[in-house]
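Chemist: Below you'll find the structure I mean.
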Amino acid sequence: MKKYQLNNEQLPSFIDHLKKQGTVFAPHKKGDASFSFKKVEDPNTVILDYNRTLNSIKKYFLPPREQLLSFSKRDNSFQKGFIEKEKKIFLGVHSYDMKAVLKLDYNFTQGNPEENYLLHRKNSIFVGVSFTPDEFHFSQSVGIPVHNTEGFDIYLEKNTDGYTVKIITEKGEKLIDGFDTLGKAKDIATNYTQFKNKLKYNYNRLPEVFEQSWNAAVWEEISKKCVGCGTCNLVCPTCYCFDVEDNLDLSLQTGTRDRSWDGCMLNSFAAVAGGENFRKTLAERQRHRVYRKFKYISDITGEPWCVGCGRCTAYCTAGISIVEIVNQLCDIYEQKYLNRPAMAGLNAERL
Ligand code: SF4
Ligand code: SF4
């Protein structure tokens, strides 16, 4: 792997170099304490040292709202929505958000490949950056270390003067072509930061825990705090559920078919005609959300479908922590099946 040194003062000119080759999206400050990916206009406003962005880069491949097609009943015709085919360079992506894109790739290519997602996803280049885990990140616990380079074309590892630039793919090699001021890589050992937030069990064992957790008291207990706002779904980089709606104009002859994000924590999500709802209670909806992350898709793929970004906990309206939920389930599982002492406050008899 080729490596170079990019000093902090070179960063704006490096970003300018990237801008000549495509539209660059990178983290920017949003409000006082948040960050958000947006198109880079001024390289000096890019922030590579950040904890997490409000939304992941999923929004560029699966936009929150999207017109799928417009139609006319007059001549029974339709036209697909326009999707820009520009080259997109995502700068400053954390390893867990990259992994989330790879998981979405899987979701949208199974069965009938989803054309819009794939068109948005085409021509994307990823430049990763290292990060310091805060009290919410737990990606290491789901098999994604800070320096996981899977999916990246270039990886920037922070060092004292700037970044070690690691060239991962041929696309990455081409991207730095012509930027001749990169220095010789310094001989610095990779810093493997410890995560403060951790799952109790290795992720490989979680499907076995979830096998026994369907009737756990935990679901009812969390539902007493949860307000069903759906924020956890909206900020999750691996949630991909959407709703599709036909909207007619006043003539009732023409209209659009629009897609927008949906979320399984919302009461209407599992509602069907006739007034029925497959998951009426918050407890059922919480269980479904967490099973989607650690059991249902994991049974097929062998991987958790949570990337440990910590967003659903950091932004939860009610302070509910997904790590605490999973660790409580592990405790109950241990007490009931492995005869170990359980955490205080949970009644294993109700499992
Ligand atoms: S963000 Fe928190 S309060 Fe809102 S639905 Fe999710 S778990 Fe419930
Ligand atoms: S479930 Fe929570 S921690 Fe896991 S990927 Fe989604 S938002 Fe991140």
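Chemist: Against the condition more than 16 Å from ligand 1 (Cβ to nearest atom), under 20 Å from the mean Cα position of the chain (by Cα), loosely packed, with under 15 Cβ neighbours inside 10 Å and small (Gly, Ala, Ser), how does GLY319 come out, does it pass? Spell out how you get there, then give the answer.
Modeler: Numbers: more than 16 Å from ligand 1 (Cβ to nearest atom): no; under 20 Å from the mean Cα position of the chain (by Cα): yes; loosely packed, with under 15 Cβ neighbours inside 10 Å: yes; small (Gly, Ala, Ser): yes.
Taking the combined requirement at face value, the residue does not satisfy it.
Chemist: Looking at the range 235-282 only, could you name the residues that are over 17 Å from THR317 (Cβ atoms) and of a type in the set (A, V, I, L, M)?
Modeler: Matches in the range 235-282: VAL244, LEU248, LEU250, LEU252, ALA270, ALA271, VAL272, ALA273.
Chemist: Another one. Restricting the search to the range 107-130, which residues are surrounded by 15 or more Cβ atoms within 10 Å (Cβ to Cβ) and under 21 Å from GLU303 (Cβ atoms)?
Modeler: Passing the criteria: ASN107, PHE108, GLU114, TYR117, ARG121, PHE126, GLY128.
Chemist: For the range 217-258, how many residues meet the condition of being in contact with a Leu (Cβ under 9 Å, 6 or more places away or on another chain) and away from ligand 1 (no atom under 16 Å from the Cβ)?
Modeler: Within the range 217-258, residues that are in contact with a Leu (Cβ under 9 Å, 6 or more places away or on another chain) and away from ligand 1 (no atom under 16 Å from the Cβ) number 9.
Chemist: Tally up the residues in the range 53-94 that are modelled with pLDDT of 95 or more and in contact with a His (Cβ under 7 Å, 6 or more places away or on another chain), please.
Modeler: Residues that pass the stated criteria total 2.
Chemist: Test of understanding: among PHE210, PHE195, PHE242, which residue is surrounded by 13 or more Cβ atoms within 10 Å (Cβ to Cβ) and not assigned by TED's automatic domain parsing to the domain that holds TYR296?
Modeler: Working: PHE210 fails: not assigned by TED's automatic domain parsing to the domain that holds TYR296; PHE242 fails: not assigned by TED's automatic domain parsing to the domain that holds TYR296.
Selected residue: PHE195, the only one of PHE210, PHE195, PHE242 that is surrounded by 13 or more Cβ atoms within 10 Å (Cβ to Cβ) and not assigned by TED's automatic domain parsing to the domain that holds TYR296.
Chemist: While we're looking at this one, here's another question. Step by step: first the residues of the range 290-308, then only those that are away from ligand 1 (no atom under 14 Å from the Cβ) and under 20 Å from HIS94 (Cβ atoms), then the one that is nearest to the chain's Cα centre (by Cα). Which residue is that?
Modeler: Taking the candidates together, the pick is VAL307.
Chemist: A further question on this structure: Report, ordered by the first and then the second residue, all pairs with beta carbons closer than 7 Å, sequence separation of six or more or different chains, a first member in the range 289-314 that is in a loop (DSSP other than H, G, I, E, B), and a second member that is among the basic types (Lys, Arg) and away from ligand 1 (no atom under 16 Å from the Cβ).
Modeler: Every condition considered, the pairs that remain are TRP305/LYS103; VAL307/LYS99.
Chemist: Which of the strands (runs of 3 or more DSSP E) contained wholly in the range 1-71 include at least 3 residues that are closer than 30 Å to THR109 by Cα?
Modeler: Working: elements: 2-7, 23-30, 34-39.
So the answer is 23-30, 34-39.
Chemist: Select from the range 134-157 the residues that are out of contact with any helix residue (DSSP H, G or I) (no Cβ under 8 Å at 6 or more places or on another chain) and not in a loop (DSSP other than H, G, I, E, B) and write down the one among them that is farthest from LEU48 (Cα to Cα). Steps first, please.
Modeler: Within the range 134-157, the subset out of contact with any helix residue (DSSP H, G or I) (no Cβ under 8 Å at 6 or more places or on another chain) is 134-135, 140, 155-157.
With the extra rule that they be not in a loop (DSSP other than H, G, I, E, B), the set shrinks to 140, 155-157.
Details: GLN140: 20, TYR155: 12, LEU156: 10, GLU157: 11 Å.
Restricting to residues being out of contact with any helix residue (DSSP H, G or I) (no Cβ under 8 Å at 6 or more places or on another chain) and not in a loop (DSSP other than H, G, I, E, B), the top hit is GLN140.
Chemist: Within the range 269-287, does at least one residue satisfy the condition of being within 16 Å of ligand 2 (Cβ to nearest atom), modelled with pLDDT of 95 or more, crowded, with 22+ Cβ neighbours inside 10 Å and under 28 Å from PRO133 (Cα atoms)?
Modeler: Scanning the range 269-287, I find at least one residue that is within 16 Å of ligand 2 (Cβ to nearest atom), modelled with pLDDT of 95 or more, crowded, with 22+ Cβ neighbours inside 10 Å and under 28 Å from PRO133 (Cα atoms), so the answer is yes.
Chemist: Identify, please: which residue in the range 131-150 is surrounded by fewer than 19 Cβ atoms within 10 Å (Cβ to Cβ) and not polar (S, T, N, Q) and is, among those, nearest to PHE61 (Cα to Cα)?
Modeler: This residue is GLU150.
Chemist: For the range 96-110, indicate whether the set of residues that are touching a His at 6+ places or on another chain (Cβ under 9 Å) and within 24 Å of ARG311 (Cα to Cα) is non-empty.
Modeler: Going through the range 96-110, the residues touching a His at 6+ places or on another chain (Cβ under 9 Å) turn out to be 96.
Now narrow it down to the ones that are within 24 Å of ARG311 (Cα to Cα): 96.
Yes - at least one qualifying residue is present in the range 96-110.
The values are calculated or read from the model by the stated rules, or taken from the named source; none is laboratory data. Predicted, not measured: the structure shown is a model, and the values here were computed from it. We place every Cβ from the backbone using ideal geometry, glycine too, and count neighbours over all the protein chains shown.
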